[in-house]
Amino acid sequence: MNTSHINIILRTCLRLDRQLRQKVISSWCRSNKLECRRLLFCRSIAHTRGLHSSTGEAQVNKDGITVLPSPQEVTIILRKNEFNKEFTTGSIKSYDSNQLASNNPIEDTRSEAQCRITQGLLMGVFDGHGGPACAQVISKRLFNYVAAALLPTDQLKKIIDQPHESLLETFNDRVEIVQDLKLTYENSFKQYLAELVETRNDDVDVSMALEKAIMKLDSDISREVLEPYKSTGKINPKTLSVALSGAVTCVSYVNGQHLHVANVGDCNAVIGTKTEDDEWKAKKITKEHNSENFDELKRIWNEHPDSERKTVIRRDRLLGELAPLRSLGDYRYKWSVETLSQLAVPVYGEKAIPANYHTPPYLTALPDIYYHRLTPKDKFLIIASDGLWDMMTPLQAVKLVGEHMKGKVFFNPLKLPRKNIQLGDINELLLHRRESLKSKPKDRNAATHLIRHAIGGTEYGVDHARLAHLLSLSPDVSRMFRDDITVTVVYFDSEFLRQCPA
């Protein structure tokens, strides 16, 4: 990292509150292996300058002053990838989604789809690392694996020779897979269907279906590299890049009042619940698979010899390298040394084999599956990559979406709920609408609303200078301050849930 990068990082830190500023500097210094003296020096500079700097200070480079994006330009950046979908039946009224890149290209992906046969709705956030390849492939393939695993035997036999697109109606699908990989993936999916027919009993269990789909797709990612190599001796660089990059995921399946969530890695799902006292509560459904989860640390330590206890987790990372302790792909941490030597080393060099790599596999894609029965008090579900959760707590996110729900009614024209309504009732509607105007949000899309506050939020509201500054950083510097952020907010239909049997 050169001097100009260091200067930009330090200047940007001045715009952050003290706690976040020191967290960023400490993380940056650790990742760049700076000595303790320099760590303390950087901290003292950021803190001292932060006490005397103005939040409106412009970003400076060798050409002089760089003009920050205007509020209108910031809004265009934030809304670039937003999407909304409404439904007329079922327990979900609508959902909002959006994502904001920090890496170039962005390594996050998202998917949403309606199951055509089982009627459930699938929502997923996929956070890639080591490149976007694995996250993109998983986002394109996983929901088909899940939809197939949910079918009884007779339905499986009907669709086994049909195009797998018949299983799902996808929304907002922006990922395209190259043609030669499409053929590979279609063959893998046909094999998967055949296996399901052979092993299926008619008692479909959603939790088992989610687990089976995730584990099977992960094993297919490996097999699609290994089998061609064994038969031809050639390495396919496309399938290899998918296998060696990785992704964590959080996937929800909603069918009526039944919510299942499968989580692998450090994305999270949170339910926003309204209490009888008209207060918001955040119910965090998932638990991260990282070094802050002591059960995960114990699991990994128990899977490897005591002699590796000091090396298997170093600097809060798997083998000192990988922050999530479960993921799909990432076969650098799953294949044997012999396999890595044959496949990865010729392409990526000796660094393809991690240090202290003695007893693989060190990594699994096994998901934790969570079930929640929805009630009328459950108003929405937030699924997001860790880029959001690094910037705000679940309760902060829930309160922001709750306030957004209250204020966004002003975006819609006033509609009378029934004919022959009394003037007094109309007056109440108008008073409520006037009250809502006070909290009218800047963004109609709740995911955009969350991203805006995650990056520019302060205890006094959104600081445009801070928001504009962080959005204007180049990707190599931006990554020091925030990750890619992907958010999906799913709104539940309280009336539908109220009519569901207890």
Task: Whether the range 176-232 is rounded, prolate or oblate, judged on the alpha carbon gyration tensor where a/c under 1.5 counts as rounded - done: prolate
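Work out how much length Asp202 to Asn293 would gain on full extension: take 0.36 nm times their residue separation and subtract the Cα-Cα distance, in nm to one decimal. Intermediate results must be reported in sequence, preceding the final value.
On the way: separation 91, 0.36 × 91 = 32.76 nm, distance 3.63 nm.
This chain segment gains 29.1 nm when fully extended.
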Task: Extension gain, Lys440 back to Ser94 (0.36 nm per residue minus Cα-Cα distance, nm) - done: 122.6 nm
- [ ] Please give the FRET efficiency for Asp277 paired with Thr458, using the beta carbon to beta carbon distance and R0 = 25 Å, rounded to the nearest 0.05.
- [x] 0.35
Open item on the list: For a 18 Å ceiling on Cα separation, which of these pairs sit above it: Lys284/Lys399; Lys379/Lys406; Lys379/Lys419; Lys212/Lys298; Lys93/Lys212; Lys406/Lys440?
Closed with: Lys379/Lys419; Lys212/Lys298; Lys93/Lys212
Open item on the list: Let me check I have the definition right: for the range 297-340, take the eigenvalues of the Cα gyration tensor, multiply each by 5, take square roots. What are those semi-axes in whole Å, largest first?
Closed with: 17, 13, 10
Open item on the list: If amide hydrogens are placed 1.01 Å from N in the peptide plane, which non-local residues have theirs closer than 5 Å to the one on Ala365?
Closed with: Ser327
- [ ] Choose one of Gln179, Tyr192, Leu168: the residue whose Cα lies farthest towards the positive end of the charge dipole of the range 146-243 (beta-carbon charges +1 Lys, Arg; -1 Asp, Glu; about the Cα centre).
- [x] Gln179
Task: Net length gained if the chain between Asp173 and Tyr229 were fully extended (0.36 nm per residue, minus Cα distance) - done: 17.0 nm
Open item on the list: List the lysines whose Cα sits under 22 Å from the Cα of Lys234, skipping any in the same chain fewer than 8 residues away.
Closed with: Lys182, Lys334, Lys351
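Taken together, the values in this text are just the output of simple stated rules run on the coordinates, not laboratory data. What you are looking at is a predicted structure, and each value in this text was computed from that prediction instead of being measured. Note: ideal-geometry Cβ built from the backbone for every residue, glycine included; neighbour counts use all protein chains shown.
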